Structure formats: C-alpha cells, structure tokens
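Chemist: Quick one: structure below, then a few questions.
Each reported figure results from applying straightforward, stated rules to the coordinates on display, with no laboratory input. The shown structure was predicted, so the numbers you read here are calculated from the model rather than taken from an experiment. So basically every Cβ, Gly included, is an ideal-geometry build from the backbone, and we count neighbours across all protein chains shown.
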Amino acid sequence: MSKVIKNGTVVTADLTYKADVLIEGDVITAIGPDLQGDEVLDATGCYIMPGGIDPHTHLEMPFMGTYSADDFESGTRAALAGGTTMVVDFALPSPGQGMLDALQMWDNKSTRAHCDYSFHMAVTWWDKQVFDEMPAVIERGITTFKHFMAYKGALMVNDDELYASFSRLSELGGIAMVHAENGDVVAELSAKLLAAGNTGPEAHAYSRPPQVEGEATNRAIMIADMAGVPLYVVHTSCEESHEAIRRARMAGKRVWGEPLIQHLTLDDSEYANADWDHAARRVMSPPFRNKQHQDSLWAGLQSGSLSCVATDHCAFTTEQKRNGVDDFTKIPNGTGGLEDRLPMLWTHGVNTGRLTPNEFVAVTSTNIAKILNCYPRKGAVLVGSDADLVVWDPEKSKTISATDQQSAIDYNVFEGQEVKGLPRYTLTRGRVAFADGAIIPEPGHGQFVARAPKGAVNEALSTWKELTAPRAVERSGIPATGV
Ligand code: DUC
Ligand code: ZN
Ligand code: ZN
Ligand code: ZN
C-alpha cells in the first residue's frame, strides 16, 4: 500500500520547495506535484524533512557500576516521538571481551528497536586481538571506532594505544572517534576536590574544566594527523575544543566536531542548584559550560566548523544517580535528550534565527549521514532514499515534561522548557510510527544499517605523509664509535 504526503514543503540540507512525496514500501518513489497514493498524510503548514539521525547514544550500556536506563525499545520510541529516525549506539566490549563478542551482545540488545540503527565500536585497550578483529568489525559495517581519553582505570586509553589504533584505522579506511578529556588531570582534580571535602555534584564540573577538553582535543588531532586518519570529536562542549577543531579544518584535515543539544541550551548554573537531585541529574561528561562556550558552539554550527548535533543519550534514574550521594565521582555520568533534540534545536536555533531550516536539517541528519557513509539512503529526501521522514509542524508547541516522555527515567533535564516546532508525523522506512502526539509502536521494526568504509585519509595535510614514509639519509663515511 502506497502513502503520499501532501500539501507540505520539502526541506533538505540544500533546498526548500513545495512537493508531494510518494512512498511505496520502505522507500521514496516519487517527489513532485499532484501525486496519488492509497493513504494520504496531510502536511498542510508543515515541512517534510529527513528524519533526524542521532549519532551518539548509549542504550542499555554497562557503565559506572550500573546500566543506562533506556534500552533500544524505550530509546528508539523516544527518538521517533521527537522526529529522530536513526540512532547510532556505541558497542562497548567489557574488559577482556572481544569486539565481535560485544557486537553479538549489541545485536541481541537491539532486536526490539522501533527505528533503524547502526553502531560505533569502542576501543578501550589495545592488544593483538583488537588489531586482528578490526577488519572483521569493519566487514560487519561498523567503520567508526571510539576512544575514551578519560575514565582513567576503566575505559581510558593512553597515547601509545591511540596512535596504534589510529594507525590501524588509517590502513583499513576507518574513522577514529574520541571522547576528548585529559583523564589523568581529571583524576588528579577529582582526588583533590574530594580531599578538600567537595563531594557534591558541582565538584564534577570543577574536576573537568574546558582546559582538559581542549588539551585532549588538540592531542587527539595531532595523533590522528600523524597516523593519517580522519577524526570525529564527540560531544564538543567548549571553545577550547572547538578552536582546535576549527584550526585543524582550516589546515585541511578531516576533523569533525559534534556539540550536544544539552551543551547548546543548558549551562553550568544547573550545578549550583541547592537541590542535590537536580544537580546530580545533570552530571555528564563533559559537564555543562557557561554562556560564552554556548555562543562558541552556536557559532560553530552557523559557520560549519562544527558538523552535527547529537545527544549522548545515556539516561539514569534518580535512584541510580543517588549512588554518588556522598562522592560526586560515583554519580553515573549521563543525561537523556533523544526525544527533545530536534524540538529544542528548532526552538533555540531556527526560531531565534541562529539556524536556517536547511542548516537545521544539515546538522541533525544530512551531515552525519555523509560522514558515516549512509547518505543518501539516510539523511535525504530523494527518490530511492529510505522513507525516514519527519513531517514537522513549526507552529505546534508544548512544555517539555517527564510526565509524558517516552524515556524510562523519572525526570527530564529540559523539564519546563517551552518548545515550538514538533513532529506531526514521524515515518520510519515508510511506516508511520508517530502521529498527532502518539507513538504507534512496532518493536523490532528497526533494522541495522551497515556502512562501508570510505577509505578517506587526511590527504590534504603534508606532515603525516612525511612521517609515514621516512627516508634514511645516505652517508659515505660513518665515524667510528668509542675510542
Ligand atoms: N559521558 C557521559 O556523560 N555519559 C556516557 C559516557 C560519557 O562519555
Ligand atoms: Zn563520551
Ligand atoms: Zn557518549
Ligand atoms: Zn515494520
């Protein structure tokens, strides 16, 4: 049975035009005037846009002694309710576990997904098994490998491991990703704060200042440059990190930065709240920053020096957060955002004039589809593309509240925020999964999206080539050593 979306305006990363969109099965089969279909979805007053792609989620992830509370079932329901039609989650091997075993676990976790999904792979140590398994992981359609430069003693990798892994990815045509914070300095600052009696959630922010993020971002860029691998910097939260990314891009390096909707719209005054629960619920890494850093992130989206807006959706209940009631280092790090990313970005970006609707589509969908090599199957409104679409009503508004959210947790970090701009319909591969404020569930509808390597290297830069192809100087007379 075919469907036609009528009377709307198609908005993509580069074009805005009036057209109907015809869907047959999973895909778009025609775009143009006066199309006919068995079922009509009315888009009067709405924009027809590529569904959002959230490139950064942690669903049912074992972390800090617990599991993140949203799984693929509730997480993808939240995604669809907010106009997001694909999530990319991080497969995380437990200590000693092979990457292929971890992938099997993530395959099992994701069987109840409501929308399509893909994975990144985390590299949390380096050894021969990781080296040997990387080609098979890429063969499975996972080309992006995340490295934690923080979480010392748990997930953190050191510079030798970063260089080894980045070099291997360069050979295989993969993309390196980093959580960029200097984990050694964070550990020292945390110990110092605790020793001085600073046990509350506000100390979490003091233990991870912008400098630790800027330093690690610079270091990761330089190591990626020497290894000759493209680099994607997740959750860019501050000017120090953004500045390093800007500089790298201006020098011709393939380096991308990803601000989160939380960092764009919430600031560090949240940690000064006298209510412990309020502050602890907002503990995430990197922490929220001040207004100057927020301005830097918005400017990056406008100018193109930052590429994609994500959530790092890693939700914990209040009960889970209270594990750190007398020690901030034990508060599980993470916040939700999957359902709110698009409405919050539209409200604070498009409605304020900071972003055009086309830029909105670029940073929520199209840019990441291109980086991850699943464009134009995803991130596009084109004949042949998957019908992952959001019919967006710019006049629809609501007040965000945990009482009517899809996420499994008992609060929302955006509680009380007014948003204007919400989905009327969300379609996942042609299936209407959200209509007029309600989810129409079909767990298991979501499919894994395999991605092929692009084989991109940092060709534009001269230095790494010299480093990777050194030549010994030929000499005629070699002086004798010793006497
Ligand atoms: N930061 C978080 O806040 N949660 C999950 C992992 C991370 O890096
Ligand atoms: Zn991270
Ligand atoms: Zn993350
Ligand atoms: Zn289905």
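Chemist: Which one of Phe119, Pro286, Ala30 is farthest out on the positive end of the charge dipole of the chain, using unit charges on Cβ (Lys, Arg +1; Asp, Glu -1) and the Cα centre as origin?
Modeler: Ala30
Chemist: Could you give me the ³J(HN,Hα) list for the stretch 83-90, computed from phi with Karplus coefficients 6.51, -1.76, 1.60 and θ = phi - 60°, whole Hz, x at Gly and Pro?
Modeler: My calculation for the stretch 83-90 gives x, 9, 10, 8, 10, 10, 9, 9 Hz in order.
Chemist: Mind checking which aspartates and glutamates have their C-alpha under 16 Å from Lys109, skipping anything on the same chain fewer than 8 residues away?
Modeler: Here the aspartates and glutamates satisfying the reach criterion relative to Lys109 are Glu60, Asp70, Asp71, Glu73, Asp89, Asp101, Glu442.
Chemist: So how strong a dipole does the stretch 185-251 carry about its Cα centre when Lys and Arg Cβ are +1 and Asp and Glu Cβ are -1, to the nearest 20 debye?
Modeler: Computed about the Cα centre, the dipole is about 120 debye.
Chemist: Now, a different point. Contour minus end-to-end for Thr403 and Gln211, with contour as 0.36 nm per residue of separation and end-to-end as the Cα-Cα distance?
Modeler: 65.4 nm
Chemist: Let me ask another. Each residue of the stretch 317-324 in order: what ³J(HN,Hα) in whole Hz does its phi give by Karplus 6.51 cos²θ - 1.76 cosθ + 1.60, θ = phi - 60°, with x for Gly and Pro?
Modeler: Values, residue by residue: 6, 4, 4, 5, 4, 5, 4, x Hz.
Chemist: While we're on this one: Where the centroid of each part is defined by its Cα atoms, how far is the stretch 294-330 from the stretch 1-79 in Å?
Modeler: Spelled out, the Cα-based centre of one part sits 25 Å from the other.
Chemist: OK, next. For the pairs Lys192/Lys321; Lys146/Lys378; Lys3/Lys420; Lys152/Lys192; Lys291/Lys321; Lys192/Lys330, flag any whose C-alpha to C-alpha distance is greater than 18 Å.
Modeler: Exceeds cut-off: Lys192/Lys321; Lys146/Lys378; Lys3/Lys420; Lys291/Lys321.
Chemist: Quickly work out the Asp26-to-Ala438 label distance, labels modelled 7 Å from Cα along the C-beta direction, and quote it in nm with one decimal.
Modeler: Here the answer is 2.8 nm between the modelled labels.
Chemist: Here's another thing I want to ask about it. Would you give the gap between the C-alpha center of the stretch 216-293 and the C-alpha center of the stretch 94-145, rounded to a whole Å?
Modeler: Here the answer is 24 Å between Cα centres.
Chemist: Now a separate question. Tally Lys and Arg at +1 and Asp and Glu at -1 over the other residues with C-beta under 15 Å from the C-beta of Asn373: what net charge comes out?
Modeler: It works out to a net charge of +4.
Chemist: With r as the distance between the Cβ atoms of Gln302 and Ala274 and R0 = 45 Å, compute the FRET efficiency 1/(1 + (r/R0)^6) and round to 0.05.
Modeler: 0.80
Chemist: I've got another one for you. Taking Cα pairs under 8 Å and at least six residues apart, what relative contact order does the stretch 151-278 come out at, in percent?
Modeler: 27 percent
Chemist: Check Arg429: other-chain or 5+ apart residues with amide H under 5 Å from its amide H, H built from backbone geometry?
Modeler: Ala387, Asp388, Leu389
Chemist: Let me ask something additional. Check which residues have an amide H placed less than 5 Å from Gly8's amide H, if you skip close sequence neighbours.
Modeler: Sorted by chain and number, the residues that satisfy this are Ala19, Ala43.
Chemist: In debye, nearest 20: dipole of the stretch 88-128 around its Cα centre with unit charges on the Cβ of K, R (+) and D, E (-)?
Modeler: 60 debye
Chemist: How large is the charge dipole for the chain, taken about the Cα centre, if only the Cβ atoms of Lys, Arg (+1) and Asp, Glu (-1) carry charge, to the nearest 20 debye?
Modeler: Computed about the Cα centre, the dipole is about 980 debye.
Chemist: Follow-up question, since we're still on this one. Distance from a point 7 Å along Cα→Cβ of Val383 to each backbone N in the stretch 26-67: keep the residues under 13 Å and list them by number.
Modeler: 28-33
Chemist: Provide the per-residue ³J(HN,Hα) series for the stretch 333-346, in order, calculated from phi with Karplus coefficients 6.51, -1.76, 1.60 and θ = phi - 60°, each as a whole number of Hz, with x at glycine and proline positions.
Modeler: For the stretch 333-346, the Karplus curve yields 7, x, 9, x, x, 4, 6, 9, 4, 5, x, 5, 5, 5 Hz.
Chemist: Placing +1 on the Cβ of each Lys and Arg and -1 on the Cβ of each Asp and Glu in the chain, which of Phe72, Ala248, Tyr271 has its Cα farthest towards the positive end of the resulting dipole?
Modeler: Ala248
Chemist: Can you list residues whose amide H is under 5 Å from Gln417's amide H, if they're 5+ apart or on another chain and H is modeled 1.01 Å from N?
Modeler: Here the answer is Ile400, since their amide H atoms fall under 5 Å of that of Gln417.
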